[in-house]
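Note sheet for the following structure.
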């Protein structure tokens, strides 16, 4: 299938290869994109009257790894992003306006994350962290300091914690980790 930037285009192009149940999924996404962004897969399957496997199969047929990836792309295509903080803040703004704009931007970023992050995935992450013998954080460039901050905060768990910002150290440290049993 030719590469298309729009999810809607991918659905329309892929229709010929869809089963009837997958066509129902595609039609629902085309007509209710904002609703799809906010629904977990179980609720979406129930609303359409198909199985979760049907939704995942349709997502894979149009080039996504699964429903979660489709939701992220759908959100980025259909949710109007706020301007960045730097674009919002004007030279003549007073301190109160600057603070309000920064908070609004952060709240919007968190709301956007909430719209595409299933609670089930958060529960799995929590279980993984609780069962981990050690926790590593990796970040490159500006994310390196965020990894260090996360490691600092997670030290309070009492588990061994490390942060790596050098890519060679990241590879070496990751190679020594054991696979989690979840």
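Throughout, read-outs are computed from the coordinates displayed, never taken from laboratory work. All figures in this text were calculated on a predicted structure; none of them were measured in a lab. Cβ sites come from the backbone with ideal geometry, for glycine too, and all protein chains shown count toward neighbours.
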Which stretch or stretches of the range 26-65 have amide N atoms under 15 Å from the point lying 7 Å from residue 15's Cα along the Cα→Cβ direction? 26-32
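Please report the projected area of the range 131-175's Cα convex hull averaged over all directions, in nm². Mind dumping the intermediate values first?
Numbers: hull surface 12.0 nm².
For the range 131-175, averaging the hull's shadow over all directions gives 3.0 nm².
Counting helices only, and only those DSSP H runs with n ≥ 4, report the 222 nm mean residue ellipticity of the chain as the sum of -39,500 (n - 2.57) divided by its residues, in deg cm²/dmol to the nearest 500.
Working: 11 runs with 117 residues, N = 182.
Per the formula, -19500 deg cm²/dmol.
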Is the range 1-69 best put as rounded, prolate or oblate by its Cα gyration tensor, with a ≥ b ≥ c the root eigenvalues, rounded for a/c under 1.5, and otherwise prolate when a/b is larger than b/c, oblate when not? prolate
The chain - Debye-derived log10 I(q)/I(0), Cα point model, q = 0.10, 0.11, 0.18 Å⁻¹: -0.62, -0.73, -1.14
I want to verify a result. In a Gaussian network model of the chain, Cα cutoff 10 Å, which of these has the top mean-square fluctuation: 109, 17, 150? 150
